[in-house]
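Asker: Just passing along the structure, written as structure tokens.
The values are calculated or read from the model by the stated rules, or taken from the named source; none is laboratory data. Remember, it's a predicted structure, so these values are computed and weren't measured experimentally. We place every Cβ from the backbone using ideal geometry, glycine too, and count neighbours over all the protein chains shown.
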Amino acid sequence: MKNNKSSVRLDGPLASYMQWPIYLAVVLICFDICVGIFFPAVIPFVLIYTVIYLIISILIWCFKRQAALKELTSFATEFNHAQHMMLKELDIPFGMLDLSGHLVWANNDLKDLITIERCVKEPISKIFNNDSLNVLPTVEEDVEYHITYGRNSYLMRLRLVTPSEYGDTILWHAEKPVDAPDDSLIAMFLYDETENISLKKENFDEKMIVGLLYIDNFDEAFEGADEVRRSLVTAWVEREINKYMKPYDAIIKHLEKDRYMFVIKQRYLAQIEADRFSILEDIRNLKIYDLTMTISIGVGVYTDSYMKAYEGAHEAIDLALGRGGDQAVVKRPTGFSYFGGTTASQEKSTRVKARVKAHALREYIEAKDKVVVMGHNMADIDAVGASIGIYRIAKTLNKRCYISLTDPTGVIQVVVDGFKNDPEYEEDMFISGTRAKSIVDNDTLLVVVDVNRPSYTDTPDLLRQTGAVVVLDHHRQMSDKIDNAVLSYIEPYASSTCEMIAEVLQYISDDLKLRSIEADAMYGGIMIDTNNFLVKTGVRTFEAAAYLRRNGADVTKIRKTFRTSFNEYRAKANAVSSAEVFMQNYVFAVSESDGLDNPTVVAAQAANELLNIDGVKGSFVFTEYNGKVFISARSIDELNVQIIMEKIGGGGHMSAAGAQFENVSVIEAMNKVKKTIIEMTENKEIK
């Protein structure tokens with residue numbers, strides 16, 4: 001039914017219903033005709049009845065129609081008013097928008113929330129100060145936004161509708177008439193979800209999370225100490241742990257001599273993270289009888305399952321220990337967060353772990369038909385030397401072994417050629433990554449050396465071709481580790497992977513004997529990674545070097561092999577001469593790559609050279625090569641460059657780390673590192 005100022009007109013089903021006497025009269029006349037044909041005698045009676053019916057119908061149509069229309073109009077008006085009042089007094093804020101986002105009509109609750117003047121003058125994106133509200137629905141489906149207005153939070157639901165869906169009431173009764181479009185409008189509902197959000201947050205904060213706390217160097221710290229001193233130091237450490245956990249209402253359980261488990265509410269984790277797990281520094285600074293101890297913490301945040309939380313804590317503590325200890329790792333479903341890790345990893349004096357890993361490695365090699373060894377892309381001498389050590393283990397156990405090495409250059413090519421020219425070694429001892437793909441199958445043991453990140457390996461596809469993967473590495477572990485490893489031996493305290501392999505070799509078999517060319521390669525790996533035994537060297541480093549010397553490593557020959565070309569030496573000198581100082585303690589330089597076989601090695605050498613400048617805590621050398629920007633970061637002991645590189649997607653050690661950038665210039669990469677250093681300094685992540 002349509003209503004205007006001049007007339008009232010019926011249409012549709014209601015008009016048909018009002019005209020039923022006319023239709024019935026036609027039917028009656030047809031009936032009279034049929035009766036007259038078959039029964040002529042009753043025609044007068046039928047005509048009289050028909051005339052009376054027509055007279056009554058005409059009278060009703062003429063005199064009662066207006067009264068019926070008046071009643072219908074009155075009912076429609078009252079219904080329209082009731083509909084308007086229901087919308088106006090609806091218990092939730094409700095309004096109608098035009099297609100430009102301006103408010104056409106608002107009910108009482110919406111008027112109480114915002115001023116009507118703003119409704120007329122400004123779109124809702126300005127009223128609610130939310131630019132995302134500029135995106136309005138264009139099809140007949142709901143669009144939802146979570147917004148904050150004043151002190152409350154609301155769920156805003158928008159829907160494209162036609163005016164007929166809500167009746168003419170909206171426009172006819174608007175207190176602030178607006179020239180709204182006739183074809184469509186947008187209905188807006190605001191649901192107050194402040195209490196729901198508060199309850200959800202309270203429920204989330206009350207969830208329990210699980211943490212594991214390990215003392216990193218318990219056995220080493222107490223080596224040679226008497227029982228009284230051991231008990232006293234243990235009591236002091238436990239006192240500091242309980243003192244730290246008490247404000248957080250934590251439950252602490254002493255599992256073993258050097259291991260604890262704690263449970264805290266989710267609400268306290270943000271405070272602990274803001275404090276950056278200061279317990280790490282408290283324990284590190286706790287010196288009793290000249291003993292220095294460090295701890296590692298792993299926290300699992302899975303509020304839907306306590307079992308998942310406990311497993312997450314185990315995964316986090318394993319990662320913390322794999323990164324060298326003295327740090328905290330928080331495992332969430334979305335990823336890992338790292339705290340601490342500012343001190344150098346402490347060397348383990350015991351070789352028990354090396355012996356256990358050696359025996360396990362032997363069992364895995366003996367169980368397979370062949371072995372393929374793979375290092376990282378753009379392999380250095382540490383990766384090649386470690387691969388050769390694994391090759392010797394496989395040959396001792398009478399297994400066929402291949403080393404996957406793609407595009408060797410520079411000194412690496414010289415080392416490879418030395419083996420290829422030796423008749424004692426197979427021609428296919430070194431193979432390309434493409435050839436390795438055709439060799440690796442379920443009967444192959446894949447050994448990954450000097451890398452633990454899948455994307456950094458020489459040929460990542462090999463990791464998915466076999467279920468037997470062994471990882472041996474000395475770099476700090478990261479979250480994107482090789483997950484399908486049946487054996488993982490990662491020791492960040494080690495100077496190099498060659499040092500680790502040299503130890504493993506001594507426990508494989510009494511019949512194992514390195515050849516001098518193999519010992520040379522492994523000794524070179526230790527020498528390069530330690531910068532001629534100046535960086536990350538410990539007692540076990542020299543013991544490994546001594547073992548290699550006993551097996552024929554020739555220091556003079558190695559030194560000649562690793563001499564640099566004139567172009568490399570000049571590139572290193574140019575990088576050093578062009579260095580710039582940043583924030584007084586950091587040095588940045590750019591190393592050229594044109595005409596160099598391995599520019600990343602030159603960049604690393606330049607970074608080491610820059611550390612000889614007084615007052616320099618860290619050096620960062622950038623080189624552009626093969627469409628990527630490579631960063632070599634170095635430090636001595638005052639700065640952990642690994643956590644800096646980790647922030648930008650790289651990794652490494654405390655004193656030697658790196659990263660790679662794609663699709664950026666050297667200047668852009670340099671600015672990213674500078675920005676990261678500034679942010680980490682402001683957040684007190686580095687000093």
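Asker: Scan the stretch 513-537 for residues that are crowded, with 18+ Cβ neighbours inside 10 Å, of a type outside the set (D, E, K, R) and either in contact with a His (Cβ under 8 Å, 6 or more places away or on another chain) or not in a helix (DSSP H, G or I) (or both) and jot them down.
Answerer: Residues satisfying the conditions are Leu514, Thr530, Asn531, Val535, Thr537.
Asker: Right, here's the next one. Could you check how many residues of the stretch 481-512 are in a loop (DSSP other than H, G, I, E, B) and of a type in the set (Ser, Thr, Tyr)?
Answerer: Summing the residues that are in a loop (DSSP other than H, G, I, E, B) and of a type in the set (Ser, Thr, Tyr) in the stretch 481-512 gives 4.
Asker: Taking Thr556 as the residue in question, decide whether it is surrounded by fewer than 16 Cβ atoms within 10 Å (Cβ to Cβ), not in a loop (DSSP other than H, G, I, E, B) and not aliphatic (A, V, I, L, M).
Answerer: Taking the combined requirement at face value, the residue satisfies it.
Asker: Kindly evaluate Val440 against the criterion of being in contact (Cβ under 8 Å) with a residue 60 or more places away in the chain and in the same structural domain as Ala394 (by TED's automatic domain parsing).
Answerer: So Val440 passes the test.
Asker: Moving to a separate point now. Can you pull out every residue in the stretch 436-463 that is outside any loop (DSSP other than H, G, I, E, B) and of a type in the set (Lys, Arg)?
Answerer: Lys437
Asker: Here is a further query. Name the residues in the stretch 102-113 that are surrounded by fewer than 20 Cβ atoms within 10 Å (Cβ to Cβ) and at pLDDT below 80, would you?
Answerer: Of everything in the stretch 102-113, just one residue is surrounded by fewer than 20 Cβ atoms within 10 Å (Cβ to Cβ) and at pLDDT below 80, namely Asp112.
Asker: Further, regarding this structure: Answer yes if at least one residue in the stretch 575-582 is in contact with a strand residue (DSSP E or B) (Cβ under 6 Å, 6 or more places away or on another chain) and of a type in the set (Asp, Glu), and no otherwise.
Answerer: Scanning the stretch 575-582 turns up at least one residue that is in contact with a strand residue (DSSP E or B) (Cβ under 6 Å, 6 or more places away or on another chain) and of a type in the set (Asp, Glu).
Asker: So, one more: Looking at Lys572, is it free of Cβ contacts under 8 Å to residues at least 60 places away in the same chain and either touching a His at 6+ places or on another chain (Cβ under 8 Å) or buried (at least 20 other Cβ atoms within 10 Å of the Cβ) (or both)?
Answerer: yes
Asker: While we're looking at this one, here's another question. Could you tell me which numbered condition Met654 fails, if it satisfies all but one of (1) surrounded by fewer than 22 Cβ atoms within 10 Å (Cβ to Cβ); (2) part of a loop (DSSP other than H, G, I, E, B)?
Answerer: Just one mismatch for Met654, condition (1).
Asker: Would you say Val35 is at pLDDT 70 or above, in contact with a helix residue (DSSP H, G or I) (Cβ under 6 Å, 6 or more places away or on another chain), farther than 30 Å from Leu133 by Cβ and not assigned by TED's automatic domain parsing to the domain that holds Leu158?
Answerer: In short, yes.
Asker: Look at the stretch 658-682 and say how many of its residues are hydrophobic (A, V, I, L, M, F, W, C), within 16 Å of Ala589 (Cβ to Cβ) and either out of contact with any helix residue (DSSP H, G or I) (no Cβ under 9 Å at 6 or more places or on another chain) or not assigned by TED's automatic domain parsing to the domain that holds Val590 (or both).
Answerer: Result for the stretch 658-682: 4.
Asker: Among the residues of the stretch 272-310 satisfying the criterion of being among the basic types (Lys, Arg) and at pLDDT 80 or above, which is nearest to Val330 (Cα to Cα)?
Answerer: That would be Arg276.
Asker: Next question, about the same structure. Just one of Phe339, Phe262 is in contact with a strand residue (DSSP E or B) (Cβ under 8 Å, 6 or more places away or on another chain), at pLDDT below 90, part of a strand (DSSP E or B) and crowded, with 17+ Cβ neighbours inside 10 Å; which is it?
Answerer: Checking each option against the conditions leaves just Phe339.
Asker: Filter the stretch 464-480 down to the residues that are assigned to a loop (DSSP other than H, G, I, E, B) and either touching a Phe, Trp or Tyr at 6+ places or on another chain (Cβ under 7 Å) or of a type in the set (Lys, Arg) (or both) and list them by number.
Answerer: Correct list: Ala468, Arg476, Ser479.
Asker: Turning to a different aspect of this structure: Looking at the stretch 384-435 only, could you name the residues that are over 25 Å from Ala367 (Cβ atoms), in a helix (DSSP H, G or I) and not small (Gly, Ala, Ser)?
Answerer: Scanning the stretch 384-435 gives Val384, Val411, Ile412, Gln413, Val414, Val415, Val416, Asp417, Phe419, Lys420, Thr434.
Asker: Follow-up. Counting just the residues of the stretch 83-98 that are assigned to a loop (DSSP other than H, G, I, E, B) and modelled with pLDDT under 80, which one comes out surrounded by the most Cβ atoms within 10 Å (Cβ to Cβ)?
Answerer: Step by step, filter the stretch 83-98, then rank; the result is Leu90.
Asker: Since Asn663 meets every condition but one in (1) over 23 Å from Asp407 (Cβ atoms); (2) surrounded by fewer than 20 Cβ atoms within 10 Å (Cβ to Cβ), which condition does it not meet?
Answerer: (1)
Asker: Here is a check on your reading of the model: is Thr623 assigned to a strand (DSSP E or B), without any contact (Cβ under 8 Å) to a residue 60 or more places away in the chain and on the phi < 0 side of the Ramachandran plot?
Answerer: Yes; evaluated as a whole, the condition is true for this residue.
Asker: Given the conditions (1) closer than 19 Å to Val371 by Cβ; (2) out of contact with any helix residue (DSSP H, G or I) (no Cβ under 6 Å at 6 or more places or on another chain); (3) hydrophobic (A, V, I, L, M, F, W, C), and given that Val411 satisfies all but one, which numbered condition is not satisfied?
Answerer: (1)
Asker: If I ask for residues that are free of Cβ contacts under 8 Å to residues at least 24 places away in the same chain and buried (at least 18 other Cβ atoms within 10 Å of the Cβ), which ones from the stretch 448-468 would you list?
Answerer: Correct list: Leu463 only.
Asker: If I filter the stretch 342-361 down to residues being basic (Lys, Arg) and assigned to a loop (DSSP other than H, G, I, E, B), which single residue comes out as modelled with the highest pLDDT?
Answerer: Across the stretch 342-361, the extreme among qualifying residues is Arg351.
Asker: Further question: Can Leu445 be described as over 16 Å from Gly385 (Cβ atoms), buried (at least 23 other Cβ atoms within 10 Å of the Cβ), more than 25 Å from the chain's Cα centre (by Cα) and touching a residue at least 24 places away in the same chain (Cβ under 8 Å)?
Answerer: yes
Asker: What's the number of the only condition in (1) under 22 Å from the mean Cα position of the chain (by Cα); (2) under 23 Å from Ser593 (Cβ atoms) that Ile643 fails to meet?
Answerer: If we test Ile643 against (1) under 22 Å from the mean Cα position of the chain (by Cα); (2) under 23 Å from Ser593 (Cβ atoms), just (2) comes out false.
Asker: Are there any pairs, at least 6 apart or on different chains, whose C-beta atoms fall under 9 Å, with the first in the stretch 247-274 and touching a residue at least 60 places away in the same chain (Cβ under 8 Å) and the second exposed (fewer than 11 other Cβ atoms within 10 Å of the Cβ), and if so, which?
Answerer: What qualifies is Arg267/Glu202.
Asker: So which residues in the stretch 265-304 are part of a helix (DSSP H, G or I) and either in contact with a Lys or Arg (Cβ under 6 Å, 6 or more places away or on another chain) or within 21 Å of Asn217 (Cβ to Cβ) (or both), if there are any at all?
Answerer: The answer is Gln266, Ile279, Leu280, Glu281, Asp282, Ile283, Arg284.
Asker: Go over the candidates Glu685, Glu592 one by one and state the one that is farther than 24 Å from Gln327 by Cβ, among the charged types (D, E, K, R), touching a helix residue (DSSP H, G or I) at 6+ places or on another chain (Cβ under 9 Å) and part of a loop (DSSP other than H, G, I, E, B).
Answerer: Glu592
Asker: Just to check your reading of the model, which residue among Ala633, Ala573, Ala603, Ala545 is in a helix (DSSP H, G or I), touching a Phe, Trp or Tyr at 6+ places or on another chain (Cβ under 7 Å), more than 30 Å from Gln506 (Cα to Cα) and not assigned by TED's automatic domain parsing to the domain that holds Gly322?
Answerer: It is Ala603.
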